[in-house]
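Asks: I have a structure I would like to understand better, so I am pasting it below and will then ask my questions one at a time.
The values are calculated or read from the model by the stated rules, or taken from the named source; none is laboratory data. Remember, predicted model here, so these are calculated numbers, not experimental data. Ideal geometry is used to build each Cβ from the backbone, glycine not excepted, and the neighbour counts take in all protein chains shown. SASA here: full protein model, heavy atoms, side chains in, ligands and nucleic acids out. Shrake-Rupley method; radii C 1.70, N 1.55, O 1.52, S 1.80 Å.
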Amino acid sequence: MIVHSETCYTLHTAHTSYQMSVGPDGMLLHTYYGARLPDRAPDLTDGRAAHGDPGCWTDLLPKEWSAPGTADNRTPPCVPEYADGTEAAELVFAGAAVLPGKPALPGLPAFRGGADVQTLSVTLRDVFGLEVELRYSVYEKEDLITRTAVYKNAGSQPLTLHKAASLCMDYAPGSLDLITLNGTWAAERTPERAPLRCGIQSVGSIRGVPGHAHNPAIALCRPDTTETNGDCWGFAFVYSGNFLIEAERADAGQRLVMGIHPYHFHWTLAPGESFAAPEVAMVYAQHGLGEMSRRFHTAIRTRLLAPRWQDMNAPRPVLLNSWEACYFDFDEAKLLELAAAARKADIDLFVLDDGWFKGRNDTSSSLGDWVEDKAKLPDGLPGLCRRLNEMGLELGLWVEPEAVSPNSDLYKAHPDWAFVVPGRRPLEIRQQYTLDFSREEVVDGIWQQLERVLRSCPIKYLKWDMNRSLANVYSAALPAARQGEVYHRYVMGVYELQRRVTETFPGLLLENCAGGGARFDCGMLYYSPQIWCSDNTDARARLLIQYGTSLFYPGCVMGAHFSTVPNHCNGHISTTEARMAAALSGTFGFELDLTTYTPEELEALRPYVAWYRAHGGLLRGGDLYRLAGPDASALGAAWMIAAPDGSEAAVFAVGDALSGSHGTASMNSLPRLPLQGLDPAAVYEDEQGVQYTGAQLMALGLPLPGPRGQTPACIWYLHRV
Ligand code: DGJ
C-alpha cells in the first residue's frame, strides 16, 4: 500500500514501511525504513532537516537521492557530465505518481509485477536537463520493495552519465554491521560480518560477471542482531555484471549506494534519451537474519523465478551430471554405461557436460562450434538422446555460449566477434576468449547454433556455463566515445539470449553456472530457476557455501550434487549421509562415476531419490531455519525446512552440530537440537514413529544420536499427526 500527502510518501508492506519526504529546497529525504508504521503514518522527517538552514545542512541530511556539486560530499549515486564539462546537478523533487502494477525495464530482469503490486514513481529534475525517475514497487504480502532509477536527458544538449546507480539511501543512525558474501573459486559466498567503520566499505566486481570474490547482495544489521532477533536490512542486486555496493559511514549519517560499477562505464544520452538502471530488491526484517532470508526466499520463489518454475510441488528431475564422472574422456558407450548405472539408482535425467562438441578433448579448443563430435557420438545428439530415452532417462546438455576458443571454426570465421583491444594481444583465460555479446549479430550467430542443437532432439535441461572474467573489453561495433557502454551491453546480450532460449523452449530447465558459482545473482534467477553453487561438491565445504548462499537465495535454486570421496576438489572424505544432507538441501543431483558402484551400492542410493521425490515440495518450497553453524572452528551445521503451515519439516544436522555444541544442553544430558517454525501445540512423528510435541521440539530440541565417524550426519522427516 502506498500512502502519501503532497510531500510525504509511505510505502507499506505487511510488516515493513519505507518513507521519504520532500525537504528544504525540494531535496528528497529518506525518513524511515523499518517495522510497519500505522497506515496514515506521520512524516518522520528529522526536525533539523525540516527547519534547518538547507545550505548549511545539506551534507548532514539523510537523502533519498543525491548528486555531486550540491555540497553533499558523501558518495554520490550518480555522476552526470553536461556538454559544457560541468558535473554538478541539483536534483529537486518535480512530482510523483502512484501507478498500478510495475512498469517493465526493457531487456532487464526484474521481480515480476502483478495486479497486487503498486509502484511509486518520483521524478527529480535538474535545471540543466538531467531527470532521475526513482521507482519503488511494493510487494505487500512478500514484504519486498524493489527500487530502481531511470535517467533521462530532458535538456537540449547531450549529457554523459559516469555513474548511474540504482539505489541511494541514507539509513538510520546508530551502529551497524555489514554482512557481505565473499570467496573464491570452490569457496564462494562465505559470509563475513564486520562493524561498519568510518569511511566507505565496498564490495564489487569489474570482471564483467559478479565473480567468485563478492556476491551482489549485502545486509546491514544491528550489532546485536542474531538469526532470530534484531533489525536487519537486506539488498540484492538484480544484475549479472559489474557492480558496486558502497556502505559509507560519514561524519554525519550513513549511506548505501548500489548499482552498476562506474569502472569503464559511461553512457551518453542524446536529448530525449534515457537509461534504465537494473533494480535492487530490498527486505527489512525485525526478527533477525533468518526472517530476512525467508522473506527473500519467498519473494524469489514466487516473484522472480519464471512462472513455470514457481510451483514448488511440480517435480524437478533428479539428474546425473557427467563432469566429475568422465571430464573430457568419454564416448557414447561409456556414457551409456554411466546412464545405465544412473537408471539403477532411479535417476531421471542425464546431463552431458563439457566435451560433446567437435574436437573438444580438453580446454584447448572448439568453444563456439556447437556441433556434435561424431568421433564420440557417432549418431549425434539425437542418437544418444534416443538411447537414453529408451532406458527411461531424459537428456540434458552443457554449453558455454559466451565463449570462443582461438582454436575453433567460429574464431577462424569471425575473429572480430571476440573481445580484443585494437593493437593489443587478446588475453586467453582457460584457453578461451569471450564473445562480444554487446553486438546483436554475435548473439544472433550463437542463437542460430543453439536453436539448431535444441531442436535436434528433445533436450530437457541446459547448463549454461561461463568460465572466465571479461578482459580486453572493446567492441569493434561502437565508436570510441561509446566504449563505456560495452560491459552493460554485454550483460544485456546475455539476457537477450537467455530470453530467447527460455521463451522458445518453455519446457527446458535452464541452469546457470560460471566456473562454479561466479554468477549467482537475482538477474540469472529470472531466467534459470537453478544455478550451480560451486565446483566444490565436498559436503563440509558445501555447508559453508550453501549457508552463505542461503542468506539471500533459497535452497530450491542452489545446484547441489552428491559426489564421490575423496572429493575431487579437496580430497576430503565425508559420509554418504553428510553428502546427501548437502545435496538434498539444494536442487539434488549426482555427479560421480556410478559405474564403479556395485549393484547393492546403486540400490542403496534409491531411498534418497525416493525421499527427495516424496518430500520435494517441502524441500523446495518450505521455510529455511538455520539452526547452528557452520563456522571455521566448528565444522558442522544444522538447519531445517518447515512447511509454512507447520505441517511437516525436514531437519539436517552434520558434523559438530551433532555433538550438541551448538544446541541447548538437554535435561537428560543427551545433545539436543532445538527446532523452529513448528506448531507448538501439534504432535509430530518422525520416520521411526517416535512422537514429540512441537513445543518439546522447539523448547528442548530433537534428541541427537551424537557423532559417529568422520563427518557424521542425520536427516529427519517429521510430520504432524
Ligand atoms: C565449470 C563448471 O563449473 C563445471 O561444472 C563444468 O561444467 C566445467 N566448467 C566444464 O568445463
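Asks: Given the peptides 567-577, 332-342, arrange them by the average over their residues of other C-beta atoms within 10 Å, most packed first.
Replies: 332-342, 567-577
Asks: Scale the Cα Rg of the stretch 519-595 by the rule-of-thumb value 2.2 N^0.38 Å and send over the ratio, two decimals.
Replies: Expressed relative to 2.2 N^0.38 Å, the Cα Rg reads 1.06.
Asks: Compute log10 of I(q)/I(0) for the stretch 565-639 with the Debye formula, placing one identical point scatterer on every Cα and leaving out solvent, at q = 0.19, 0.20, 0.23, 0.26 Å⁻¹, to two decimals.
Replies: Normalising to I(0) and taking log10 leaves -1.00, -1.07, -1.25, -1.36.
Asks: Taking H as built 1.01 Å from N, whose amide H comes closer than 5 Å to the amide H of Thr58, not counting residues under 5 places away?
Replies: So Thr58 has HN proximity to no qualifying residue.
Asks: Let me ask another. Antiparallel as a % of all DSSP beta bridges within the chain, to the nearest 5?
Replies: Among the beta bridges of the chain, antiparallel pairing accounts for roughly 85 percent.
Asks: If you don't mind, another one. Taking 7 Å along the Cα-to-C-beta vector as the label spot, tell me the Val721-Ala476 distance in nanometres, rounded to one decimal.
Replies: Here the modelled spin labels are 7.3 nm apart.
Asks: Can you give the FRET efficiency for Val92 and Glu496, using 1/(1 + (r/R0)^6), R0 = 60 Å, r = Cβ-Cβ distance, to the nearest 0.05?
Replies: For R0 = 60 Å, the calculated efficiency reads 0.95.
Asks: Next up: Quickly rank 473-483, 412-422, 343-353 as a protection proxy: mean count of other C-beta atoms within 10 Å, highest first.
Replies: The most tightly packed comes first, giving 343-353, 412-422, 473-483.
Asks: Moving on to the next point. Determine the share of the chain's accessible area contributed by carbon and sulfur atoms, expressed in whole percent, with a 1.4 angstrom probe.
Replies: Of all accessible area on the chain, carbon and sulfur atoms account for 53 percent.
Asks: Under 5 Å between amide hydrogens, which residues at least 5 positions from Ala682 or on another chain qualify, with H placed 1.01 Å from N in the peptide plane?
Replies: Gly694, Ala695
Asks: Report, by chain and number, residues whose modeled amide H sits under 5 Å from the one on Ser166, excluding near sequence neighbours (fewer than 5 apart, same chain).
Replies: Answer set, sorted by chain and number: Met258, Gly259, Ile260.
Asks: Ranked from highest to lowest mean number of other Cβ atoms within 10 Å per residue, what is the order of the peptides 309-318, 243-252, 530-539?
Replies: Ranked by mean Cβ neighbours within 10 Å, highest first: 530-539, 243-252, 309-318.
Asks: For the stretch 71-202, what percent of Cα pairs sit more than 20 Å apart?
Replies: 61 percent
Asks: Here's a follow-up. For the stretch 588-603, in order, what is each residue's ³J(HN,Hα) by Karplus, 6.51 cos²θ - 1.76 cosθ + 1.60 with θ = phi - 60°, in whole Hz (x at glycine and Pro)?
Replies: 6, x, 10, 8, 6, 7, 6, 5, 7, 7, 6, x, 5, 5, 5, 4
Asks: So what is the accessible area of the chain per residue, in Å², with the probe set to 1.4 Å?
Replies: 35 Å²
Asks: What translational diffusion coefficient, in µm²/s and rounded to a whole number, does the Stokes-Einstein relation yield for the stretch 389-510 at 25 °C and a viscosity of 0.890 mPa s, taking the hydrodynamic radius as the Kirkwood radius over Cα pairs?
Replies: In µm²/s, the coefficient rounds to 159.
Asks: Still on this model: If you take the square roots of the eigenvalues of the alpha-carbon gyration tensor of the stretch 1-115 and sort them as a ≥ b ≥ c, do you get rounded (a/c under 1.5), prolate (a/b over b/c) or oblate?
Replies: Oblate is the answer for the stretch 1-115, as a/c is 1.5 or above yet b/c matches or exceeds a/b.
Asks: Roughly what would the spin-label model give for Arg193 and Arg386, points 7 Å off Cα along C-beta, in nm?
Replies: 5.8 nm
Asks: Quick one: pull the percentage of alpha-carbon pairs in the chain with a separation above 45 Å.
Replies: Summing the P(r) tail past 45 Å for the chain gives 24 percent.
Asks: Please list, in order along the stretch 359-374, the HN-Hα scalar couplings obtained from phi with the Karplus expression 6.51 cos²θ - 1.76 cosθ + 1.60 (θ = phi - 60°), rounded to whole Hz, x for Gly and Pro.
Replies: Those phi angles translate into x, 8, 10, 6, 7, 8, 7, 6, 4, x, 9, 8, 10, 4, 8, 5 Hz.
Asks: While we're on this one: Modelling each spin label as a point 7 Å along the Cα-to-Cβ direction, I'd like the Phe328/Thr576 distance in nm, to one decimal.
Replies: 3.4 nm
Asks: Further question on the same structure: Using only helices, what value at 222 nm comes out for the chain when you add -39,500 (n - 2.57) per DSSP H run of length 4 or more and divide by the total residues, to the nearest 500 deg cm²/dmol?
Replies: That calculation yields -6000 deg cm²/dmol at 222 nm.
Asks: Same structure, new question: May I ask you to derive the FRET efficiency for Glu440 and Met1 from their Cβ-Cβ distance with R0 = 35 Å, giving the value to the nearest 0.05?
Replies: E between Glu440 and Met1, to the nearest 0.05, is 0.25.
Asks: Could you give me the ³J(HN,Hα) list for the stretch 203-217, computed from phi with Karplus coefficients 6.51, -1.76, 1.60 and θ = phi - 60°, whole Hz, x at Gly and Pro?
Replies: 10, x, 8, 10, 8, x, 10, x, x, 6, 6, 9, 9, x, 8
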